[in-house]
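Novice: Before we start, here is the structure in question, set down as structure tokens.
The values are calculated or read from the model by the stated rules, or taken from the named source; none is laboratory data. Model, not experiment: these values are computed from the prediction. Because the Cβ atoms are built from the backbone with ideal geometry, glycine has one as well, and the counts that use them run over all protein chains shown.
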Amino acid sequence: MEHGGGRRLKFAYADPPYFGCGKKLYGAHHPEAAVWDSKDAHINLVKRLTDEFPDGWALSCNPRDLRFILPACPEDARVASWVKTWHQIRPTSVQHAWEPVVFRGGRSLPKRNPMVRDWMTGNATKQRGLPGAKSSQFNRWVLDLLGYEDGDEVVDLFPGTGGMAAEVAQLVFA
């Protein structure tokens, strides 16, 4: 989807509890966290993003969940990769140190300088109030993927620690 021409756009960002982690990681924070332990909840979220945010949206998810999330996405959705420079070491032979961000639409900025890559490296956050809280650097990258410009609206469907709103506010007042 190519947009622009000075028109203000409305984007959404969603970082729900990842499939299977709702009750376990977020049950103490939200009474309905267990809803996200259902694949249907994630598929319905993709439908909502597509229906309510035609200008563009981004969705964070677990790599293993791509197998059921991508078939629910429109054909023009893309997958970007956040590669973590720090990650929890698990007792497995392969360490999982990346997370996908499925995104769609956004403002086309072909002459953007610097350009935006569909991958980024950065630190995962630790002790930010909720498991999975994203860094300022990550939030800015997501906004860049969508071609956010001052005056656009960003709806954070899972505001958690308020990191995305803080990044948008920082850009507005910069």
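Novice: Residues in segment 1-35 that are at pLDDT 75 or above and over 30 Å from SER108 (Cα atoms): how many? Break it down stepwise before answering.
Specialist: Taking segment 1-35 and keeping what is at pLDDT 75 or above, we get 7-20, 32, 34-35.
If we keep only those that are over 30 Å from SER108 (Cα atoms) too, we end up with 19-20, 32, 34-35.
Looking only at that region, the number is 5.
Novice: Looking at segment 136-174, which of the residues that are surrounded by fewer than 18 Cβ atoms within 10 Å (Cβ to Cβ) and polar (S, T, N, Q) is modelled with the highest pLDDT?
Specialist: Ranking the qualifying residues of segment 136-174, first place goes to GLN137.
Novice: Kindly list the number of the only condition in (1) surrounded by fewer than 14 Cβ atoms within 10 Å (Cβ to Cβ); (2) in contact with a strand residue (DSSP E or B) (Cβ under 8 Å, 6 or more places away or on another chain); (3) acidic (Asp, Glu) that fails for GLU99.
Specialist: (1)
Novice: Only one residue in ASP55, ASP76 is loosely packed, with under 13 Cβ neighbours inside 10 Å, of a type in the set (Asp, Glu) and within 22 Å of GLY147 (Cβ to Cβ). Which one? Even if it seems obvious, please write down each step before you answer.
Specialist: Details: ASP55 fails: loosely packed, with under 13 Cβ neighbours inside 10 Å.
Within the list ASP55, ASP76, the selection yields ASP76.
Novice: Right, another one. Can you give me the ranges of the strands (runs of 3 or more DSSP E) entirely in segment 32-141 with at least 2 residues that are among the hydroxyl-bearing types (Ser, Thr, Tyr) and within 19 Å of PRO159 (Cβ to Cβ)?
Specialist: Values: elements: 56-60, 78-84, 98-105, 119-122.
Qualifying strands (runs of 3 or more DSSP E): none found.
Novice: Within segment 106-134, work out how many residues are modelled with pLDDT under 85, of a type in the set (Gly, Ala, Ser) and surrounded by fewer than 20 Cβ atoms within 10 Å (Cβ to Cβ).
Specialist: So the answer is 3.
Novice: Next question, about the same structure. When residues of segment 151-161 are filtered for being part of a loop (DSSP other than H, G, I, E, B) and either under 13 Å from the mean Cα position of the chain (by Cα) or hydrophobic (A, V, I, L, M, F, W, C) (or both), how many remain? Steps first, answer last, please.
Specialist: At the first step, the residues of segment 151-161 found to be part of a loop (DSSP other than H, G, I, E, B) are 151-152, 157-161.
From what's left, either under 13 Å from the mean Cα position of the chain (by Cα) or hydrophobic (A, V, I, L, M, F, W, C) (or both): 157-160.
Residues flagged as part of a loop (DSSP other than H, G, I, E, B) and either under 13 Å from the mean Cα position of the chain (by Cα) or hydrophobic (A, V, I, L, M, F, W, C) (or both) within segment 151-161 amount to 4.
Novice: So, one more: Select from segment 61-73 the residues that are farther than 15 Å from GLY20 by Cβ and surrounded by 14 or more Cβ atoms within 10 Å (Cβ to Cβ) and list them in ascending order.
Specialist: Step one: of segment 61-73, the residues farther than 15 Å from GLY20 by Cβ are 70-73.
Scanning segment 61-73 gives LEU70, ALA72, CYS73.
Novice: While we're on this one: Which numbered condition in (1) closer than 24 Å to SER38 by Cα; (2) touching a residue at least 60 places away in the same chain (Cβ under 8 Å) is the only one that ALA72 fails?
Specialist: (2)
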